[in-house]
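Report on the following structure.
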Amino acid sequence: MDSNGPAGLGHRGGASGCPLEGSPQSSDRSNLVQTCLQQFTVTVAQLQQIRTSLLGSMEQALMGQNDPAPAVRMLPTYVGSTPHGTEQGDFVVLELGATGASVRVLWVTLTGTEGHRVEPRSQEFVIPPEVMLGPGKQLFDFAACCLTKFLEALPVSNQCLPLGFSFSFPCHQTGLDRSILISWTKGFRCSDVEGQDVVQLLRDAIERQGAPSLNVVAVVNDTVGTMMGCDPELGPCEIGLLVDLGTKACYMEETKHVAVLGEDLGSVCVSIEWGSFCDDEALGPVLTSFDHALDQESLDPGAQRFEKMIGGLHLGELVRLVLVDLAQRGLLFGGCTSPALLSQGSVALEHVAEMEDPSAGTARVLAVLQNLGLSPEASDVELVQRVCAAVTTRAARLCAAALAAILGRLQHSREEHALQIAVATGGRVFERHPSFLGLLKETVMLLAPECGVSFIPSVDGGGRGVAVVTAVVTRLATNRRLLEETLVPFRLDREQLAAVQVQMQEAMAKGLRGEASSLRMLPTYVRAVPDGSERGDFLALDLGGTNFRVLLVRVAATGVQITSEVYTIPELMAQGPGQQLFDHIVDCIVDFQQKKGLVGQSLPLGFTFSFPCRQLGLDQGILLNWTKGFSASDCVGQDVVALLREAIRRRQAVELNVVAIVNDTVGTMMSCGYKDPRCEVGLIVGTGTNACYMEELQNVAGVDGDSGHMCINMEWGAFGDDGTLGVLSTHFDASVDGASINPGRQRFEKLISGMYLGEIVCHILLHLTRLGVLFQGQQTQQLQARGIFKTKFLSQIESDSPALRKVRDILQGLGLSLTSDDALIVREVCQAVSRRAAQLCGAGVAAVVEKIRENRGLEELTVTVGVDGTLYKLHPHFSRLVEATVRDLAPRCKVTFRQSEDGSGKGAALVTAVACRLAQTPRI
Ligand code: 0WK
Ligand code: BGC
Ligand code: BGC
C-alpha cells in the first residue's frame with residue numbers, strides 16, 4: 001500500500017487507535033500532508049481535457065449514438081420554454097431526492113409579473129433509512145403520506161390542486177408527466193422502481209392514501225426546477241447547475257440537435273446526468289485512491305464516479321478517508337483515530353463547510369473534530385482545513401470543467417463565441433460551502449474566458465421552479481384544450497366531406513338545369529380540347545390572378561412558344577372606374593406590342609378573364625359579379641369583350657382582334673389538354689378558386705344541341721352562397737366574409753383560396769391571443785391590420801424544417817415577440833386552415849369527376865385535371881391533401897393532377913386558335 005492512501009482499519013496505533021511512538025516533525029508533517037493532498041490538485045490541462053471529453057460525450061449522446069455507450073446521459077425534459085413570469089396560481093410541489101434523505105412538500109403561490117412575491121410554505125419529512133432501501137411502494141406511500149400531512153395543515157378547499165413532482169434521479173422522460181427511472185443514486189435503493197414510470201407510482205400511492213384531490217401535472221428534475229426558479233428579472237437562466245448531495249446540470253438546447261426528438265420544435269431543456277461521467281483517460285489521472293476507496297464502500301461501486309468527486313453526499317466522506325489515512329500515518333491527531341472517524345459517513349458536508357468557513361475559525365474546527373471523538377491539537381486545525389479545501393477545491397474545479405463543457409456546447413449550437421448566459425445554481429454545496437461558488441467562477445473564467453457567465457442562486461432550492469414548470473404545464477394544457485376547441489371545427493371528417501361532395505353534385509345538376517343553385521354552371525362555348533392541328537401567332541391576356549399578363553403565343557407543329565410580360569393591376573384600379581381598368585389593360589397591350597415589335601400587327605387575341613361571366617358566345621361574356629378584391633364600376637352586367645374593344649377604340653391606332661374570352665379554369669384545362677387529351681377538368685386554386693369540366697351538351701340547359709360536350713365554368717367559388725355550407729362555416733369565416741368587399745358571396749372560395757386563408761389564420765391568432773393562449777395574451781396592433789398575415793406565410797410556415805425559424809422570422813417581421821410554444825401553435829393553426837381548404841377543394845373535385853363518370857355510365861373513369869394557382873403550386877402539402885381527398889371520395893375515378901406550366905394564357909390562345917381553325921373550316 002503506498003504511503004499516500006487509505007489504510008485498512010486497526011492495524012496501526014494503540015488501544016484508542018493511537019500510535020505507540022514518535023510522530024513526524026511538524027514541518028515534515030506539513031510536507032507529507034501536502035504530498036498527500038497534491039493528489040487532489042487538478043491542472044488546467046487536465047480540466048480542459050475533462051471539459052473536452054465531457055463535451056464529446058454530451059454531443060455523442062445528443063446524436064443518439066450508443067456504441068460505445070456515452071459516458072453521460074442527455075435526457076430531454078419536455079420543458080420547452082423558460083418562464084416568462086406570467087405564471088399564476090397555487091401549486092403543490094413534492095420533492096423526492098432533491099434534499100437527500102428527506103421528502104419536502106411545498107405550497108407555492110405564483111403571482112405573475114404584477115403580484116408581489118409570496119414566500120412558499122414548506123415542510124420537510126426525513127425518510128427512514130429502511131424506506132430508502134425498501135420496496136418502492138413503501139417509499140411512494142411515504143411520500144403520499146407526507147403530502148396528506150402537509151395539506152391537512154393548510155386551508156385547502158377541495159378543488160383539484162395541480163402538483164409538480166420533483167424527482168431527482170436519472171430518468172427517461174417521455175412526456176411532461178411521464179418519467180421512467182433509470183437507476184437510483186444518492187443512497188436510494190428501493191426495489192421495483194427502476195424501469196417504472198415514477199409519476200404513475202406516485203398517482204397510485206396518492207390514490208391508495210386517499211390524499212385530497214391532487215393532479216400530478218408534471219415531473220421535473222431538481223436541476224430543471226432550479227433553472228426555472230430563476231428570478232425572471234435577473235434571468236432568464238438557460239443553465240441549471242445543482243450541487244447538492246448529488247450533482248447535475250440542465251440547459252436549453254435546440255430540439256433539432258436532440259436526435260430522439262428529431263424535429264425543429266424550438267428549444268427544450270435537456271438535463272445532463274453527468275454524475276456517471278467516467279472517461280478513464282480524462283478522469284483516470286485525477287482519481288485518487290481515496291476516490292476508489294469511497295467508490296468501493298458505496299452502494300453503487302463503479303457508478304456515479306464523477307458525482308462521487310463533487311456531490312455533497314461524498315465530499316465529507318472523502319475528507320474523512322483522507323483524515324483517517326493521515327491520522328493512521330501519524331500525520332494528524334497525533335496518529336489517533338476515533339470510532340466516529342473510522343465510521344463511514346461520519347463527516348458530512350456541513351462539517352466540511354463549517355471547517356472551511358473562514359469566519360468560523362479554529363474553534364469551530366476543533367468543535368467538529370471533538371464531536372468526532374478526536375482530541376485535535378491546534379496544529380491539526382490548519383491541516384484539517386487544508387484537507388477540506390483540497391477536496392472541495394477539486395470538486396469546484398471539476399464542476400467548473402463540466403460547466404465549461406456546456407458553455408462549449410452552447411457556443412457551438414448557437415454559433416456564438418462570446419456567449420453571454422445566466423446560470424441558476426442550487427443545492428447545499430452552493431448554499432453552505434463558503435468558497436465553492438467563488439472557486440467555480442474562477443475556474444470557469446480560466447476555462448472559458450470568452451464567455452460572460454452570471455450565476456444566480458435559486459432562492460428556495462428549486463421548489464418555486466418546479467411550481468413554475470407545473471404552472472407552465474398547466475398553462476400549456478389549458479392552451480392545448482383552448483386550441484383544440486378553436487380548431488376542432490376545422491377538422492373535417494370523411495362524412496362531412498362526403499356531404500359537401502353530394503351537395504355540390506346536387507347544386508351542379510340544378511345549375512345545369514338552369515334552376516336556382518349557388519353553382520351557376522356557365523356554358524363556355526368551348527366544345528373540344530385542342531387536337532394539335534392549331535397553328536399561328538396569338539396574343540393572350542391573363543387577368544384575374546396574382547398578376548396581369550400579356551402573352552404572345554406561337555403555336556407551331558413543333559409545339560407552343562410563349563413570350564410574356566407581367567403587369568400589375570393596382571388595387572385602386574381594380575376597385576376604380578371600369579373604363580380606367582380597361583384603358584390600363586390596353587396600355588399594357590400596347591407596351592407589350594412595342595417591346596415585342598408587334599406594333600401594327602392585329603393578331604387574334606384570347607382574353608383569360610377570371611371572373612364569373614355568362615358567355616353568350618366565344619367572344620361575348622357578360623360579367624355577373626366581381627370577385628377576388630375587384631369591384632371596378634360600370635362593368636357588372638356588361639360584355640367585357642365589348643368593354644375591351646371600346647378601350648381599344650379609345651386608344652386610336654391600335655388594332656386588336658379579340659376572338660375569345662375564356663375563364664382561367666378553361667384556359668388551364670386547354671393548356672394542359674394540349675399535352676394530355678384526357679384533361680377534361682380545369683382547376684384553379686390561387687387568389688380565387690374555381691373549376692370547369694367537359695359536360696355532356698345534352699345536360700346543359702339553354703344551349704342548343706344534345707350531342708358532344710361543352711366545357712362548363714362551374715364558378716364553384718360561389719358554392720354555398722345559398723347557405724348550404726353554413727354548418728362548416730366558423731365565426732372566423734364569418735369575420736373574414738364580413739370584412740370582405742363582397743360579404744355573403746363566394747363562400748366556398750373564402751374557405752379555400754389564397755386571398756382568404758391568411759385572413760382566417762389571422763382571425764384565429766387574434767382569438768387565441770385574446771384567450772391568452774398566444775403571445776402571452778398581448779394584443780398587438782399589427783395583427784389587427786387587414787391582410788397583414790399573407791397566405792404565402794402559411795406555405796412558408798408549413799414547409800417542414802426549419803419551420804420554426806420561419807415562423808419566428810415572419811412573426812417578428814410583424815413586430816411580434818414569441819416563444820417556441822407560440823411558434824408551434826401558429827404552425828398548427830396554419831395546418832388546420834390549409835388542411836380544411838385542401839379537403840374541401842378535394843371534395844369539390846371528387847364531385848366533378850364523379851359527375852363525368854356517371855355522365856358516361858362508366859365503372860371506372862380515368863381523367864386528368866389541369867391545375868394552376870399559387871396556393872396549389874406553392875403550398876407544401878395542399879396538392880397532396882387534395883389528391884388524397886379525391887382518391888378517398890371518388891375511388892372509381894383514376895385522377896391525374898397535371899400542373900399547368902404556362903398558365904391559362906396559353907389556353908386562351910389555344911381556344912382562339914381552335915376558334916380560328918373552325919372559322920376557316922367550311923361548315924358542311
Ligand atoms: C395562373 C393562370 C391564371 C390564373 C392564376 C391563378 O395563368 O389565369 O388566374 O394562375 O392563380 P393565382 O395567380 O391567383 O395564384
Ligand atoms: C441525480 C440527478 C439529480 C442530482 C442532484 C444525481 O444523483 O442523478 O438526477 O439531479 O443528483 O440532485
Ligand atoms: C372567379 C373565377 C376564377 C377563380 C380563379 C374566382 O374568384 O370567380 O372566375 O376562375 O376565381 O381565379
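The values are calculated or read from the model by the stated rules, or taken from the named source; none is laboratory data. Everything numeric here is computed off the predicted structure, so don't read it as measured data. Don't worry about glycine lacking a Cβ; one is built from the backbone with ideal geometry, like all the others, and counts go over all protein chains shown. Ligands, DNA and RNA are excluded from the accessible area calculation, which covers all protein heavy atoms including side chains. Shrake-Rupley method; radii C 1.70, N 1.55, O 1.52, S 1.80 Å.
When you scan region 722-741, how many residues do you find that are open to solvent by less than 20 Å² (accessible area, probe 1.4 Å) and either at pLDDT below 95 or of a type outside the set (Phe, Trp, Tyr) (or both)? Give the derivation first.
Going residue by residue through region 722-741, those that are open to solvent by less than 20 Å² (accessible area, probe 1.4 Å) are 725, 728, 730, 732-733, 736-737, 740.
Of the ones still in play, those that are also either at pLDDT below 95 or of a type outside the set (Phe, Trp, Tyr) (or both) are 725, 728, 730, 733, 736-737, 740.
The number of residues fulfilling the criteria is 7.
Do any residues in region 657-681 that are basic (Lys, Arg) have Cβ atoms under 7 Å from those of residues that are at pLDDT 95 or above and away from ligand 1 (no atom under 15 Å from the Cβ), where the two are at least six apart or on different chains, and which pairs are they?
From residues that are basic (Lys, Arg), the pairs are Arg678/Thr862; Arg678/Val863; Arg678/Thr864.
Given (1) open to solvent by less than 10 Å² (accessible area, probe 1.4 Å); (2) in a helix (DSSP H, G or I), identify the lone condition not met by Leu331.
Going through (1) open to solvent by less than 10 Å² (accessible area, probe 1.4 Å); (2) in a helix (DSSP H, G or I) one by one, Leu331 breaks only (2).
Taking region 538-562, which residues are assigned to a strand (DSSP E or B), open to solvent by 10 Å² or more (accessible area, probe 1.4 Å) and either within 12 Å of ligand 3 (Cβ to nearest atom) or without any contact (Cβ under 8 Å) to a residue 60 or more places away in the chain (or both)?
Let us first name the residues in region 538-562 that are assigned to a strand (DSSP E or B), namely 538-543, 548-556, 559-562.
Keeping just the survivors that are open to solvent by 10 Å² or more (accessible area, probe 1.4 Å) gives 542, 549, 552, 554, 556, 559-562.
Listed by number, the residues that qualify are Asp542, Leu552, Arg554, Ala556, Gly559, Gln561.
Restricting attention to region 695-721, which residues are open to solvent by less than 30 Å² (accessible area, probe 1.4 Å) and within 16 Å of ligand 3 (Cβ to nearest atom)? Show your work before the answer.
Within region 695-721, the subset open to solvent by less than 30 Å² (accessible area, probe 1.4 Å) is 695-697, 700, 703, 710-720.
The answer is Cys711, Ile712, Asn713, Met714, Glu715, Trp716, Gly717, Ala718, Phe719, Gly720.
Look through region 206-228, keep the residues that are over 19 Å from Ala477 (Cβ atoms) and open to solvent by 10 Å² or more (accessible area, probe 1.4 Å), and return whichever of them is nearest to the chain's Cα centre (by Cα). Talk me through it step by step, then tell me what you get.
Here is the first cut: in region 206-228, the ones over 19 Å from Ala477 (Cβ atoms) are 207-212, 221-223, 226-227.
From the residues that got through so far, the ones that are open to solvent by 10 Å² or more (accessible area, probe 1.4 Å) too are 207-212, 221-222.
Details: Glu207: 34, Arg208: 38, Gln209: 38, Gly210: 38, Ala211: 36, Pro212: 35, Asn221: 22, Asp222: 24 Å.
This residue is Asn221.
Within 36 Å of the chain's Cα centre (by Cα), within 16 Å of ligand 1 (Cβ to nearest atom), of a type outside the set (Asp, Glu) and at pLDDT 95 or above: is that true of Ala884 in this structure?
Working: within 36 Å of the chain's Cα centre (by Cα): yes; within 16 Å of ligand 1 (Cβ to nearest atom): no; of a type outside the set (Asp, Glu): yes; at pLDDT 95 or above: yes.
It is false that Ala884 is within 36 Å of the chain's Cα centre (by Cα), within 16 Å of ligand 1 (Cβ to nearest atom), of a type outside the set (Asp, Glu) and at pLDDT 95 or above.
Can you pull out the residues in region 168-187 that are aliphatic (A, V, I, L, M) and within 16 Å of ligand 2 (Cβ to nearest atom)? Give the derivation first.
Going through region 168-187, the residues aliphatic (A, V, I, L, M) turn out to be 176, 180-182.
Within region 168-187, Ile180, Leu181, Ile182 qualify.
Restricting the search to region 868-897, which residues are surrounded by fewer than 24 Cβ atoms within 10 Å (Cβ to Cβ), within 30 Å of Arg827 (Cβ to Cβ), more than 16 Å from ligand 3 (Cβ to nearest atom) and of a type outside the set (Gly, Ala, Ser)?
Pro876, His877, Arg880, Leu881, Glu883, Arg887, Asp888, Leu889, Val895, Phe897
Can you confirm whether Lys628 is modelled with pLDDT under 95, in a loop (DSSP other than H, G, I, E, B) and within 12 Å of ligand 1 (Cβ to nearest atom)? Break it down stepwise before answering.
Numbers: modelled with pLDDT under 95: yes; in a loop (DSSP other than H, G, I, E, B): yes; within 12 Å of ligand 1 (Cβ to nearest atom): yes.
It is true that Lys628 is modelled with pLDDT under 95, in a loop (DSSP other than H, G, I, E, B) and within 12 Å of ligand 1 (Cβ to nearest atom).
Being more than 30 Å from Val387 (Cα to Cα), out of contact with any strand residue (DSSP E or B) (no Cβ under 7 Å at 6 or more places or on another chain) and not in a loop (DSSP other than H, G, I, E, B) is the requirement here; does Gly56 meet it?
Numbers: more than 30 Å from Val387 (Cα to Cα): yes; out of contact with any strand residue (DSSP E or B) (no Cβ under 7 Å at 6 or more places or on another chain): yes; not in a loop (DSSP other than H, G, I, E, B): yes.
In short, yes.
Would you mention how many residues in region 296-308 are open to solvent by less than 10 Å² (accessible area, probe 1.4 Å) and either of a type in the set (S, T, N, Q) or over 38 Å from the mean Cα position of the chain (by Cα) (or both)?
Residues in region 296-308 being open to solvent by less than 10 Å² (accessible area, probe 1.4 Å) and either of a type in the set (S, T, N, Q) or over 38 Å from the mean Cα position of the chain (by Cα) (or both): 0 in total.
Please find, within region 645-668, the residue that is modelled with the lowest pLDDT out of those that are more than 12 Å from ligand 3 (Cβ to nearest atom) and in contact with a helix residue (DSSP H, G or I) (Cβ under 6 Å, 6 or more places away or on another chain).
Of the residues in region 645-668, the ones more than 12 Å from ligand 3 (Cβ to nearest atom) are 645-660.
Subsequent filtering for residues that are in contact with a helix residue (DSSP H, G or I) (Cβ under 6 Å, 6 or more places away or on another chain) retains 647-648, 651, 654, 656, 658-660.
Details: Ala647: 93, Ile648: 89, Arg651: 84, Val654: 72, Leu656: 82, Val658: 91, Val659: 90, Ala660: 93.
The residue in question is Val654.
When residues of region 771-816 are filtered for being among the acidic types (Asp, Glu) and open to solvent by 80 Å² or more (accessible area, probe 1.4 Å), how many remain? Break it down stepwise before answering.
To start, the set of residues in region 771-816 that are among the acidic types (Asp, Glu) comprises 798, 800, 809.
Next cut, open to solvent by 80 Å² or more (accessible area, probe 1.4 Å) only: 800, 809.
So the answer is 2.
Which fully enclosed strands (runs of 3 or more DSSP E) of region 171-273 have 3 or more residues being of a type in the set (Val, Ile, Thr)? Write out each step before concluding.
Working: elements: 171-175, 178-181, 214-220, 239-243, 247-254, 267-273.
Correct list: 214-220, 267-273.
Pairs please, first residue from region 185-207 and basic (Lys, Arg), second anywhere and part of a loop (DSSP other than H, G, I, E, B), Cβ atoms under 6 Å, 6+ apart in sequence or on different chains.
Lys186/Leu245; Lys186/Gly246; Arg189/Leu133; Arg189/Leu299
Of the numbered conditions (1) among the β-branched types (Val, Ile, Thr); (2) in a loop (DSSP other than H, G, I, E, B); (3) closer than 19 Å to Pro577 by Cβ, Val654 satisfies every one except a single condition; which is it?
(3)
Any idea which of (1) more than 16 Å from ligand 1 (Cβ to nearest atom); (2) farther than 18 Å from Gln503 by Cβ; (3) at pLDDT below 95 is the one Lys792 doesn't satisfy?
Every listed condition holds for Lys792 apart from (1).
Across region 274-295, which residue is nearest to ligand 2 (Cβ to nearest atom) among those that are under 41 Å from the mean Cα position of the chain (by Cα) and open to solvent by less than 10 Å² (accessible area, probe 1.4 Å)?
Taking the candidates together, the pick is Gly275.
Run Cys190 past the list (1) within 16 Å of ligand 2 (Cβ to nearest atom); (2) open to solvent by 50 Å² or more (accessible area, probe 1.4 Å); (3) more than 29 Å from the chain's Cα centre (by Cα) and report the number of the one that doesn't hold.
If we test Cys190 against (1) within 16 Å of ligand 2 (Cβ to nearest atom); (2) open to solvent by 50 Å² or more (accessible area, probe 1.4 Å); (3) more than 29 Å from the chain's Cα centre (by Cα), just (2) comes out false.
In the list Val867, Val849, Val833, Val845, which residue meets the criterion of being out of contact with any helix residue (DSSP H, G or I) (no Cβ under 6 Å at 6 or more places or on another chain), in a helix (DSSP H, G or I), away from ligand 2 (no atom under 16 Å from the Cβ) and among the hydrophobic types (A, V, I, L, M, F, W, C)? Before the answer, list the steps.
On the way: Val867 fails: in a helix (DSSP H, G or I); Val833 fails: out of contact with any helix residue (DSSP H, G or I) (no Cβ under 6 Å at 6 or more places or on another chain); Val845 fails: out of contact with any helix residue (DSSP H, G or I) (no Cβ under 6 Å at 6 or more places or on another chain).
Exactly one residue qualifies, and that residue is Val849.
Every residue in region 121-144 that is more than 23 Å from Ile180 (Cβ to Cβ) and either touching a helix residue (DSSP H, G or I) at 6+ places or on another chain (Cβ under 6 Å) or crowded, with 21+ Cβ neighbours inside 10 Å (or both), please. Step through it out loud before you land on a result.
Initial filter on region 121-144 (more than 23 Å from Ile180 (Cβ to Cβ)): 121-126, 128-130.
Gln123, Phe125 - these are the residues of region 121-144 that are more than 23 Å from Ile180 (Cβ to Cβ) and either touching a helix residue (DSSP H, G or I) at 6+ places or on another chain (Cβ under 6 Å) or crowded, with 21+ Cβ neighbours inside 10 Å (or both).
Can you tell me which residue is farthest from ligand 1 (Cβ to nearest atom) among those in region 675-689 that are open to solvent by 10 Å² or more (accessible area, probe 1.4 Å) and in contact with a helix residue (DSSP H, G or I) (Cβ under 6 Å, 6 or more places away or on another chain)? Before the answer, list the steps.
Our first condition is that a residue be open to solvent by 10 Å² or more (accessible area, probe 1.4 Å); within region 675-689, this holds for 675-678, 680, 684, 687.
The next check asks that each one be in contact with a helix residue (DSSP H, G or I) (Cβ under 6 Å, 6 or more places away or on another chain); those that pass are 684, 687.
Numbers: Ile684: 5, Thr687: 3 Å.
Looking at residues that are open to solvent by 10 Å² or more (accessible area, probe 1.4 Å) and in contact with a helix residue (DSSP H, G or I) (Cβ under 6 Å, 6 or more places away or on another chain), I get Ile684.
Table: residues versus (1) over 54 Å from the mean Cα position of the chain (by Cα); (2) part of a loop (DSSP other than H, G, I, E, B); (3) polar (S, T, N, Q).
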{"site": "Ser359", "(1), (2), (3)": "no, yes, yes"}
{"site": "Gly373", "(1), (2), (3)": "yes, yes, no"}
{"site": "Thr392", "(1), (2), (3)": "no, no, yes"}
{"site": "Ala402", "(1), (2), (3)": "no, no, no"}
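Among the listed residues Arg29, Arg12, Arg73, identify the single one that is at pLDDT below 85, open to solvent by 50 Å² or more (accessible area, probe 1.4 Å) and among the basic types (Lys, Arg). Please lay out each step first, then the result.
Values: Arg29 fails: open to solvent by 50 Å² or more (accessible area, probe 1.4 Å); Arg73 fails: at pLDDT below 85.
One residue alone meets the criteria, Arg12.
Could you tell me which numbered condition Gly905 fails, if it satisfies all but one of (1) at pLDDT 95 or above; (2) closer than 30 Å to Ser799 by Cβ?
(1) is the only condition that Gly905 fails.
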